[in-house]
Amino acid sequence: MHIPDAPRQDSLYFTYPVFPFTRPVEMDGERPLHDVVIVGGGPVGLVTAIELARHGVRAVVLESKSSVSDGSRALAFSRRSQEIMHGLGITTRVQAKALSWTEGRSFYRDKIIFRLSMPRSAEERFGPMINLQQCYLEKFLVERIADADLAELRWCNQVTGATQTADKVTISLDTPEGAYQLDARYVIAADGARSALRETFGLRMSGASHEGVYLIADIKIDSALPTERHAWFDPPSNPGATMLMHKQPDGLWRVDYQLREDQDPEVELQPERIKARIQSHLDLIGETAPWELEMSSLYKAHCICLDDYRHGRVLFAGDAAHLVPIFGVRGLNSGIADANNLAWKMASVLSGGSADRLLDSYSAERRPATLEIFEQATKSTAFMTPPSRGYRLLRDAALSLALSQPWAGELANPRQSQPYDYADSPLNAETDDDAVFTAGPRTGAPLADARLTDGNHLLDHIGPGPTLLGFGLDKQGPDLDWPGVKWPGVKRLAVSRSAAPAPDTLADPHGHLFERFGATEDCCYLIRPDGHVAGRWRTYDPGVVEAALQRLFAA
């Protein structure tokens, strides 16, 4: 029988909830065919469950543990991830706890060589980045699901095997009360880097693994340092290597430092070694406050992924599909984007609105996004951890030059996570006017937010289904020829130069939205359920939009 480890209760800042095992109906003789089963109750699995619920699908979530993840783990979330979280209904919880940041500093030894600045536009609701421990995010997601009964969460359920046929997947599980099986039309594997489902089906990731080993530690300290990203190259506290610091809520700091080749990782993981290293660095930066060690672990940078994120009726997301380096905070942000991309497609297939082949577009879109992350993250990793003597000589020369030449400091830019544009997606409109627009998000890109005249934001009016954003179309009145009969969830949203527009119309009396989106009268954007642009046209044509909808939903 599977008895999960009890969650630790010695945390300096977080009380881990304990979720009991609940006996499922399958153990009492019933055998329902579930629409979707999500394996993994971490942030990617939970986000996917809520996204599915937004589109009318109730999923079963299987988690082997009895609580949320231990420690801060992934802790930095991009603006795009915050926008997705807003759609999930957890913004109030997240913003009340998270720390927002826009700045960063990089040092060579003890001298500053680069200042990171990520300005926040008045157009956007959210800042470019927030820090929040993963345990808090998972807690907020679980609370959101429980408050509205959005999904069935099954704790203490350990996957032991799986098989699939042409029409279903059967999962074998072990629990505190014994074993059972359940059936699902589709399964989403969000069970992390050591995915049991990936192992069960004999799937292997390919790519590159970097040589450097990092030690990650959370410390609790009452520090007056600002909420910034701090990075040191070859500091006296860790000569020949690097040191990173990130501020977290509740007086926690994440400290990441590279281990040298002559250091034994298991020896360096001993608490007394960690404390000596961190104290040396705190002395370097003049931090005199007492501190305590919360947790520690070892980490290696990988750029590996599956060749295809779909395996029949099983689709892989987050770390189960790809592992990326932490530099630039790309890991969990990428997993959240996976969930955002996959859920609406799964819901459309289950409702009969789309053919099963729509699910193929998930891998076609998200795997190239992973490869772009690999390209950017490899540059960051090579700079942080030079893979050869030649790389190190070039890196150290650039750092020395940066002491007197500001342009050289740009080489230490951490290249923070950016949303991926599905510019080559098979779902994009076959013909549109993207090339002639002079402003606005291009086809495939996520829709840019904008502040409205009433103080609210454009993204509040988008979705959860597809949205046609039409500029000046309100002038054509209620008799406007409107596509989307086959997809009743299509929303018509007009942008009007009138100061007192009709319902489902946004007031833009000063032409601000027209300018921001490079629009003229009768121009329109078709927005996908996940907020990306499916196509944009200078002149609204219902037949063209209908064709784009058919392509979008693989009809």
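The table below lists the values:
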{"quantity": "Selection count where residues are more than 14 Å from Val47 (Cα to Cα) and not in a loop (DSSP other than H, G, I, E, B), scope the range 62-79", "calculated": "3"}
{"quantity": "Which listed residue is in contact with a helix residue (DSSP H, G or I) (Cβ under 8 Å, 6 or more places away or on another chain) and not aromatic (Phe, Trp, Tyr), from Leu358, Leu371, Leu350, Leu394", "calculated": "Leu358"}
{"quantity": "Filter pass, Tyr299 being buried (at least 17 other Cβ atoms within 10 Å of the Cβ) and either in contact with a strand residue (DSSP E or B) (Cβ under 8 Å, 6 or more places away or on another chain) or touching a residue at least 40 places away in the same chain (Cβ under 8 Å) (or both)", "calculated": "no"}
{"quantity": "Complete set of residues in the range 217-242 that are within 23 Å of Asp70 (Cα to Cα) and in contact with a helix residue (DSSP H, G or I) (Cβ under 7 Å, 6 or more places away or on another chain)", "calculated": "Ala217, Ile219, Lys220, Ile221, Asp222"}
{"quantity": "Filter pass, Leu88 being crowded, with 23+ Cβ neighbours inside 10 Å and either more than 19 Å from Ala343 (Cα to Cα) or hydrophobic (A, V, I, L, M, F, W, C) (or both)", "calculated": "yes"}
{"quantity": "Within the range 80-105, tally of residues that are in a loop (DSSP other than H, G, I, E, B) and under 26 Å from Leu411 (Cβ atoms)", "calculated": "1"}
{"quantity": "The listed residue being loosely packed, with under 15 Cβ neighbours inside 10 Å and farther than 20 Å from Ile304 by Cβ, out of Pro406, Pro386", "calculated": "Pro406"}
{"quantity": "Verdict on Val57 being assigned to a strand (DSSP E or B) and among the β-branched types (Val, Ile, Thr)", "calculated": "no"}
{"quantity": "Flag if Val18 is aliphatic (A, V, I, L, M) and either without any contact (Cβ under 8 Å) to a residue 12 or more places away in the chain or in contact with a helix residue (DSSP H, G or I) (Cβ under 6 Å, 6 or more places away or on another chain) (or both)", "calculated": "no"}
{"quantity": "Members of the range 369-401 that are within 18 Å of Met243 (Cα to Cα), at pLDDT 80 or above and among the small types (Gly, Ala, Ser)", "calculated": "Ala398, Ser400"}
{"quantity": "Filter pass, Ala184 being under 27 Å from the mean Cα position of the chain (by Cα) and closer than 30 Å to His302 by Cα", "calculated": "no"}
{"quantity": "Within the range 361-372, tally of residues that are crowded, with 17+ Cβ neighbours inside 10 Å and without any contact (Cβ under 8 Å) to a residue 60 or more places away in the chain", "calculated": "4"}
{"quantity": "Set Ala190, Ala179, Ala148: member being closer than 22 Å to Ala347 by Cα and surrounded by fewer than 16 Cβ atoms within 10 Å (Cβ to Cβ)", "calculated": "Ala148"}
{"quantity": "Matching residues, the range 427-451, being more than 26 Å from the chain's Cα centre (by Cα), assigned to a loop (DSSP other than H, G, I, E, B) and crowded, with 18+ Cβ neighbours inside 10 Å", "calculated": "Asp432, Phe437"}
{"quantity": "Candidate set from the range 193-211 (those that are surrounded by fewer than 16 Cβ atoms within 10 Å (Cβ to Cβ), in a loop (DSSP other than H, G, I, E, B) and of a type in the set (Gly, Ala, Ser)); member that is modelled with the lowest pLDDT", "calculated": "Ala193"}
{"quantity": "Selected residue (criterion: modelled with the highest pLDDT) from residues of the range 469-513 that are crowded, with 20+ Cβ neighbours inside 10 Å and in a helix (DSSP H, G or I)", "calculated": "Leu513"}
{"quantity": "Residue among Glu294, Glu272, Glu261 that is buried (at least 17 other Cβ atoms within 10 Å of the Cβ) and more than 20 Å from Gly104 (Cα to Cα)", "calculated": "Glu294"}
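The values are calculated or read from the model by the stated rules, or taken from the named source; none is laboratory data. Keep in mind that this is a model prediction, so the values were computed, not measured. Positions of Cβ are backbone-derived with ideal geometry, glycine not excepted, and every protein chain shown enters the neighbour counts.
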